[in-house]
Amino acid sequence: MDIKEQIRQYLAENFLFSDNGFNLSDDDSFLEEEVVDSTGVMELVLFVEDNFGVSVADEEIVPDNFDSVNQLAAYIQRKK
């Protein structure tokens, strides 16, 4: 499973509580679409660290890295 698919699956199961998958585009903002809130961002950080083996620095927890499937996937790829 590729990075984007893993992110979509995690969001669908843990934030959208959906069995129908992730129904947003990969560019939709998690914050604007109210998929995650500030606590949810911290859960995403733990997901990234646990599942992709990268360490997320506090200064990297910004919308440019964590606010859409595409942004998060690009961030993970840069960190690997």
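The values are calculated or read from the model by the stated rules, or taken from the named source; none is laboratory data. No experiment lies behind these values; they were computed from the predicted model shown. Cβ coordinates were reconstructed from backbone atoms using ideal geometry, including for glycine residues, and neighbour counts include every protein chain displayed.
Name the one entry in L44, L16, L11 that is surrounded by 14 or more Cβ atoms within 10 Å (Cβ to Cβ) and not in a helix (DSSP H, G or I).
Answer to the check: L16.
Considering (1) surrounded by 14 or more Cβ atoms within 10 Å (Cβ to Cβ); (2) free of Cβ contacts under 8 Å to residues at least 60 places away in the same chain; (3) in contact with a helix residue (DSSP H, G or I) (Cβ under 6 Å, 6 or more places away or on another chain), the lone condition that Q6 does not fulfil carries the number (3). Candidates are the residues of segment 14-33 that are more than 12 Å from the chain's Cα centre (by Cα) and modelled with pLDDT of 90 or more; the one that is nearest to V69 (Cα to Cα) is S25. For segment 47-70, the set of residues classified as within 20 Å of E13 (Cβ to Cβ) and part of a helix (DSSP H, G or I) consists of F47, V48, E49, D50, N51, F52, F66, V69, N70, listed by residue number.
Given the structure, is V41 under 21 Å from R78 (Cβ atoms) and of a type in the set (A, V, I, L, M, F, W, C)?
yes
When segment 19-38 is examined, which residues are found to be under 17 Å from I76 (Cβ atoms) and surrounded by 12 or more Cβ atoms within 10 Å (Cβ to Cβ)? Answer for segment 19-38, where residues must be under 17 Å from I76 (Cβ atoms) and surrounded by 12 or more Cβ atoms within 10 Å (Cβ to Cβ): F22, D26, F30, V36. Among the residues of segment 47-64, just one is without any contact (Cβ under 8 Å) to a residue 12 or more places away in the chain, within 13 Å of I7 (Cα to Cα) and surrounded by 12 or more Cβ atoms within 10 Å (Cβ to Cβ), namely E49. Residues in segment 1-40 that are out of contact with any Lys or Arg (no Cβ under 9 Å at 6 or more places or on another chain) and small (G, A, S): A12, S18, S25, S29, S38, G40.
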